[in-house]
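Values quoted throughout were computed directly from the atomic coordinates according to the rules given, and no laboratory measurement underlies them. As the structure is a prediction and not an experimental result, all values here were calculated from the model. Note: ideal-geometry Cβ built from the backbone for every residue, glycine included; neighbour counts use all protein chains shown.
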Amino acid sequence: MRWQNMTSSAPSPSALELAEALIACPSVTPAMGMVFDCLEGQLVPLGFSVHRLIAGDEPHGPVENLFAIRHGPAGSRHFGFAGHLDVVPPGEGWTAAPFAPEVRGELLYGRGAVDMKGSIAAMVAAMAEVPQDAGTISFIITGDEEGPAIHGTVALIEHMRSVDAIPDLILVGEPTSVNRLGDMMKIGRRGSVNIWITVEGGEGHVAYPHLANNPIGPLVSMLAELNALVLDEGTDWFQPSNLEITDITVGNPATNVIPARAHARLSIRFNDLHSGQELADKVTAIAEKHGGTARAMISGEAFLTPPDAFSAMIADAVEAETGLRPEASTTGGTSDARFLKDLCPVIEFGLCNATMHKRDEAVAVPDLEALARIYARVAKAALAG
């Protein structure tokens, strides 16, 4: 490993060296311990005060989170970098060990290279180019974004509010680029709600249906009605909301028994024309009409940061380093920006996402270094106002 703790006389490590150090710390979600030790060791020499928080209990905790802040002059603007150190399980079939970072050609391989230890390394590297008197910088880093995300960024937000450390703008380093670094940023995300449906019946022999109550018929009718729903036609910035049936379960191994109950599960991805609760209520009403019950879990609401000075800052920085002007998009899944949007305007921008969650995840080393320069430009512009 080429990176070691920095001293005041040592040159600042590169984004590559910082990324190698982070990747070398196994951190399958929920991340704890060593990887946060590593990031703290990278930030403290740059003048950051680091606060590490443990939140939650079983079954979704404990989760470790980190909030680091470097204060600028009194009254200066505050810019936040956000991301996650946890990674998905590496799985089998890697060419080399997933937590033994290795550069082959121009690519750095390792779990988290693009999602998203590489981006966090670029954020840290960028700080060497942003003077402290430019303004206040913070790092909002969770160990639970890839998992349930119940005790991660939500707990960090509570801490930030308690210490009155709310940024004016936040950039999340999710891997938003598609074909080339800089071709896309995310200015919003659709919301997500999952709904579990149950229809209770009465079991009995198939030859005596009058003595039983088959729940499958009502469930099929209910799902047909739900599947036919047109939630909207989309908006200027969002694709249409969609409802998908993701599971149907009866669990009846016998050929001559009418089952006692039947279950289904739905997933709805929705734009900013809806709220999660509104959609949960709509599905519940249809379920009850057919004799069923519904239980909803809202993972996050839709949000949009309309194109403005913030998105222009990012686009200008990207164009200066890559020659590309990123497309402003709301496509894809969810991220912790769905929580951070309650604090201030938030936009996501980061590395190419082609290998995220795959074996042999890798990032182009020139992209790492370019991203650090982009992040430095964005931070300076955001602090200048």
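Distance between Cα centroids, segment 88-103 to segment 145-220: provide it in whole Å.
28
So if I place +1 on the C-beta of Lys and Arg and -1 on the C-beta of Asp and Glu, and nothing else carries charge, what would the dipole magnitude of the chain be about its Cα centre? I want it in debye, nearest 20.
So the magnitude is around 60 debye.
With charges only on Cβ, +1 for K and R and -1 for D and E, what is the dipole size of segment 191-300 about its Cα centre, in debye, rounded to 20?
My answer is approximately 400 debye.
Return a whole-number percent for the relative contact order of the chain, with Cα pairs under 8 Å and 6 or more residues apart as the contact set.
Dividing the mean separation by the residue count of the chain yields 24 percent.
Where in segment 325-361 does the label zone of VAL178 land, with the point 7 angstrom along Cα→C-beta and an amide N cut-off under 11 Å?
Label zone hits: 327-332.
Tell me, what HN-Hα J-couplings in whole Hz come from the Karplus equation 6.51 cos²θ - 1.76 cosθ + 1.60 at θ = phi - 60° for each residue of segment 327-338, using x for Gly and Pro?
Using θ = phi - 60°, the values come out as 6, 8, 10, 10, 6, x, x, 9, 8, 6, 4, 5 Hz.
Pairs of alpha-carbon atoms within less than 8 angstrom and 6+ residues apart define the contacts here; what relative contact order does segment 191-300 have, in percent?
Relative contact order comes out at 44 percent.
When the Karplus curve 6.51 cos²θ - 1.76 cosθ + 1.60 is applied with θ = phi - 60°, which whole-Hz ³J(HN,Hα) does each residue of segment 12-25 get, with x for Gly and Pro?
With coefficients 6.51, -1.76 and 1.60, one gets 5, x, 6, 4, 4, 5, 5, 5, 4, 5, 5, 4, 5, 9 Hz.
Between ASP247 and MET297, what is the spin-label point distance in nm, taking each point 7 Å from the Cα along the Cα→C-beta axis?
0.9
Of the labelled options (i) 22.5; (ii) 25.2; (iii) 21.7, which one gives Kirkwood radius over Cα pairs in Å as computed for this structure?
It is the value labelled (i).
Suppose R0 equals 25 Å; then what is the FRET efficiency for VAL206 and ALA285 from their Cβ-Cβ distance, rounded to the nearest 0.05?
Once rounded, the FRET efficiency stands at 0.20.
Note the angle between two axes, namely the Cα long axis of helix 309-322 and the longest principal axis of the Cα atoms of the chain, as a number of degrees from 0 to 90, rounded to the nearest 10.
60
Give me the aspartates and glutamates in straight-line cross-link reach of LYS358: C-alpha distance below 13 Å, same-chain residues under 8 apart excluded.
The reachable aspartates and glutamates, counting only those whose Cα sits under 13 Å from LYS358, are GLU92, ASP115.
Could you list the residues of segment 281-312 with an amide nitrogen less than 15 Å from a label point located 7 Å from the Cα of SER221 in the Cα-to-C-beta direction?
Under 15 Å, as judged by backbone N against the label point of SER221, lie 286-293 of segment 281-312.
Just how many % of Cα pairs in segment 273-351 lie over 21 Å apart, if you round to the nearest whole percent?
I get 48 percent for the Cα pairs in segment 273-351 exceeding 21 Å.
Please turn the phi angles of segment 226-235 into ³J(HN,Hα) values with the Karplus equation 6.51 cos²θ - 1.76 cosθ + 1.60 (θ = phi - 60°), one per residue in order, whole Hz, x for glycine and proline.
Ordered by residue, 3J(HN,Hα) equals 5, 5, 8, 5, 10, 6, 5, 9, x, 10 Hz.
Over the Cα atoms of segment 191-300, what Rg and Dmax result, in angstrom?
According to the Cα coordinates of segment 191-300, Rg and Dmax are 16.0, 56 Å.
Given R₀ = 22 Å, what would the calculated FRET efficiency be for MET34 paired with ALA96, taking r from the Cβ atoms and rounding to 0.05?
For MET34 and ALA96, the calculated efficiency is 0.65.
Taking every DSSP beta bridge with both residues inside the chain, roughly what % is antiparallel (nearest 5)?
Percent antiparallel among DSSP bridges in the chain is about 70.
So, in Å, what gap is there between the alpha-carbon centers of segment 40-79 and segment 361-378?
22
Counting only GluC sites (Glu not before Pro) that sit in a DSSP loop (anything but H, G, I, E, B) with at most 16 other Cβ atoms within 10 Å, what is the longest stretch of the chain containing none of them?
234-385
Under the 0.36 nm per residue contour assumption, what length would be gained going from the current alpha-carbon distance of GLU278 and ILE166 to full extension?
Taking 0.36 nm per residue and subtracting the Cα distance, the gain is 37.4 nm.
In nm, what is the difference between 0.36 nm times the number of residues separating LEU229 and GLU327 and their Cα-Cα distance?
Computed gain between LEU229 and GLU327 is 32.2 nm.
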